[in-house]
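This report refers to the structure that appears directly beneath it.
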Amino acid sequence: MTDKEMERCSSAVTLSDMEIFVFPELMYSLVLANIMSPRIWRWREEPWFQGVEKMNPYKRMLRLRQFIMDNYVFNLDLETWGLTSQKEQLARFEKFMPIEQITSSNALFGYQGDEYYFDIDIRTHFGLDKYDAETIPYWKTETVEAMDAFRHRPGFETGAGECVSLAALYAAALFVICRIPLKDIYMMATPLHSQSFVDVRDGILINNRRLVTKSMWFNGTQISGQARRALENEQVTIVSHATGWIHFLYEEATIAKERFQYFSDRLHNYLKTELTPDVLGHFLRQNSACRRCFVIRWPVRGAQRYLLLTEAFDFESDSAFKVTGNTRAKLMDSIPVEHFAASYLPSKAVLNDVEDFVAEQSIDLDKPEDRAALQRVIGDNCVSAVKMVQELVDFCHTQPRLPDISRVKFDTSEPPVELRGDMSREQVVEHLQTLRASNVTVDMAFYTYRDFVTTAPEPFLKAAMERNPVCVEESATLSVEALLAQLASWPDESIYDGSVRLAQPDELWTFKRGDGLEKALTAACILKKRGLYDHLRIVMNNAQAELYHDSELLCSFASAKASCLSEWQLF
């Protein structure tokens, strides 16, 4: 392998956020590894999914959403996969991408994100404030097996994963469980988040565990506000699809140009809505500064009275009824009369009047004359009407910062991944095998899948020896004898099914279980970092994984994964 091939193949094993940023093909490799996994295919046997094929696509997705909500939580902490340093990682990647590009667009190397993250201080938010600025988390993206294994960690009752893990899990399950064609699923990464867009109905955005429909995008709730943040404020760094990928920094892309253009059109349509009285109300629900400028007029005992809009939304938060929509009357009638006033300050605008104007005039926010007319109705008594209307335009017409195709050369020489919904898992794996020689993403998927029958072992071993800080750090106080005894005491079960797939040392250490071969490899990783041994090798002998220093046998563990190797010379 060339240095780049070795770095990419080993990155396909560890799948840190920064590795995916440098090698964008790996994002979809994880999707394909999950599609090959027997774990998700076993979901078809769950009673929860019985009869799902008879539902329409959106109802299938709702059924899947509830399953994922019940069985996985979002997890992003420093303890799971440990810490590394900016210097070490920049040294790895500067051969493939200029350092200034990495530091200006990747959250781990100086990028700070939108003003929300400035406000909360991103390093404090992630718990990095207790370390020097050079220290960064080793955030690794989990396969479905690693996500499931969180059930073995204290404090977790379900599986877990970070945003890329959840996006890839959803994408795979949409195909396997919901029979959504891969061509309709698009993954997007920004410096601080990853999510997916599914071309069903008007479009559905998958944000961590939640589904966000177009109407939900504009409903002004806290959940939709969180979902909107990345696309409103950040550059989309990667779009990944069955036909390939595009990266905003790279001059070449492998996604089909017409497919990316179609996706762009559909996403822009999803992110744009007409201004209606309800949408105006949704905007004010989300925008606290503008909300303070309004009152609602309402009849109370035969007389017109006025209620601060801020108070109306406060009452809404504790009610089943809404300020917007056809339940306003029930909400207003439930509010005690003493909250209503006989008049209102001249600095306020009456929401009812603005709503009537919007409904009667059919305001088109794309037209300058319509925006100017709306500004006059709102007035400048509270805040600048120009500023308020511009924020309303931004709310109704989100402009995603997608990669600029004018600077990209589209190389579609790699065949797309075309899997059919009627394929069995075995047929899927067989078909992907036929694409490996001509499609890098598919080839990398087998490294992510940890298939030791059809992949070279060197990338896996490189990753194991170099990128597993947790087991090294947490075992630092153990003697060699105590270390080997602790490994032996843990259950002899790998988190990866079958006889040809292996966990990395930190996966074994984090979940406190593993096959004997994985235990021997973990011991080797720790002993290497301690600098105690010059030459380590692992030999498989009669279903025993034996770790040697030169000719000295250090430990032996029973293994059910004998087909993974005959001997590994580690260093």
_Of residues in the stretch 47-61 being surrounded by 13 or more Cβ atoms within 10 Å (Cβ to Cβ) and either out of contact with any Lys or Arg (no Cβ under 9 Å at 6 or more places or on another chain) or free of Cβ contacts under 8 Å to residues at least 40 places away in the same chain (or both), the one farthest from residue 213 (Cα to Cα)_ = 48
_Against the condition over 21 Å from residue 31 (Cβ atoms), surrounded by 12 or more Cβ atoms within 10 Å (Cβ to Cβ) and at pLDDT 95 or above, how does residue 393 come out, does it pass?_
yes
*Among the strands (runs of 3 or more DSSP E) lying completely within the stretch 491-562, list those that include at least 3 residues that are surrounded by 24 or more Cβ atoms within 10 Å (Cβ to Cβ) and in contact with a helix residue (DSSP H, G or I) (Cβ under 6 Å, 6 or more places away or on another chain).*
none
*Taking residue 380, is it without any contact (Cβ under 8 Å) to a residue 12 or more places away in the chain, closer than 21 Å to residue 355 by Cβ and over 24 Å from the mean Cα position of the chain (by Cα)?*
yes
*All but one of (1) among the polar types (S, T, N, Q); (2) surrounded by 17 or more Cβ atoms within 10 Å (Cβ to Cβ); (3) free of Cβ contacts under 8 Å to residues at least 24 places away in the same chain hold for residue 479; which doesn't?*
(2)
*Which residue pairs have Cβ atoms closer than 6 Å, lie 6 or more positions apart in sequence or on different chains, and pair a first residue in the stretch 488-507 that is among the basic types (Lys, Arg) with a second residue that is surrounded by fewer than 24 Cβ atoms within 10 Å (Cβ to Cβ)?*
501/450
*Quick one: in the stretch 337-364, of everything that is farther than 27 Å from residue 396 by Cβ and free of Cβ contacts under 8 Å to residues at least 12 places away in the same chain, which residue is surrounded by the most Cβ atoms within 10 Å (Cβ to Cβ)?*
345
*asked:* Suppose we filter 157, 142 for residues that are part of a loop (DSSP other than H, G, I, E, B) and buried (at least 24 other Cβ atoms within 10 Å of the Cβ); which single one remains?
replied: 142
_Only listed residue being touching an Asp or Glu at 6+ places or on another chain (Cβ under 6 Å) and of a type outside the set (Val, Ile, Thr), chosen from 233, 269, 219, 208_ = 233
*Find the residue count for the stretch 198-237, including only residues that are surrounded by fewer than 17 Cβ atoms within 10 Å (Cβ to Cβ) and at positive phi.*
1
*Boolean, residue 294 is of a type outside the set (D, E, K, R), more than 18 Å from residue 340 (Cα to Cα), out of contact with any Cys (no Cβ under 6 Å at 6 or more places or on another chain) and buried (at least 20 other Cβ atoms within 10 Å of the Cβ)*: no
*Name the pairs: first residue in the stretch 547-562 and of a type in the set (Asp, Glu), second residue surrounded by fewer than 17 Cβ atoms within 10 Å (Cβ to Cβ) and at pLDDT below 90, Cβ to Cβ under 9 Å, at least 6 apart or on different chains?*
550/534; 550/535
*Of all residues in the stretch 194-242, which are of a type in the set (Phe, Trp, Tyr) and within 23 Å of residue 180 (Cβ to Cβ)?*
197, 217
*Looking at (1) modelled with pLDDT under 95; (2) under 24 Å from residue 448 (Cβ atoms); (3) of a type outside the set (D, E, K, R), find the lone condition where residue 73 falls short.*
(1)
*Return the residue satisfying two criteria in turn: it lies in the stretch 357-391 and is in contact with a helix residue (DSSP H, G or I) (Cβ under 7 Å, 6 or more places away or on another chain) and not in a helix (DSSP H, G or I), and of such residues it is nearest to residue 291 (Cα to Cα).*
383
*Pairs with Cβ under 9 Å, 6+ apart, first in the stretch 314-332 and in the same structural domain as residue 299 (by TED's automatic domain parsing), second of a type in the set (S, T, N, Q) and outside any helix (DSSP H, G or I)*: 315/334; 316/324; 319/334; 321/334; 324/219; 327/319; 330/319; 331/319
*For the stretch 236-327, list the helices (runs of 4 or more DSSP H) that sit wholly inside it and hold at least 1 residues that are out of contact with any helix residue (DSSP H, G or I) (no Cβ under 9 Å at 6 or more places or on another chain) and charged (D, E, K, R); which are they?*
257-270, 309-317
*Kindly indicate which of 258, 251 is free of Cβ contacts under 8 Å to residues at least 12 places away in the same chain and closer than 28 Å to residue 408 by Cβ.*
258
_Criterion first (under 25 Å from the mean Cα position of the chain (by Cα) and either among the hydrophobic types (A, V, I, L, M, F, W, C) or modelled with pLDDT under 95 (or both)) does residue 283 satisfy it?_
no
*the stretch 383-410 residues that are touching a residue at least 12 places away in the same chain (Cβ under 8 Å), paired with ones that are of a type in the set (D, E, K, R) and part of a loop (DSSP other than H, G, I, E, B) (beta carbon under 8 Å, 6 or more apart)*: 396/274; 397/366; 401/234; 407/251; 408/251; 409/251
_the stretch 130-146 residues that are over 16 Å from residue 27 (Cα atoms), paired with ones that are among the hydroxyl-bearing types (Ser, Thr, Tyr) (beta carbon under 7 Å, 6 or more apart)_ = 134/85; 135/85; 136/84; 136/85; 138/16; 138/84; 145/37; 145/496
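The values are calculated or read from the model by the stated rules, or taken from the named source; none is laboratory data. Note that the structure is a prediction, hence the values are computed from the model and not measured. Every residue, glycine as well, gets a Cβ built from its backbone with ideal geometry; the counts of neighbours run over all protein chains shown.
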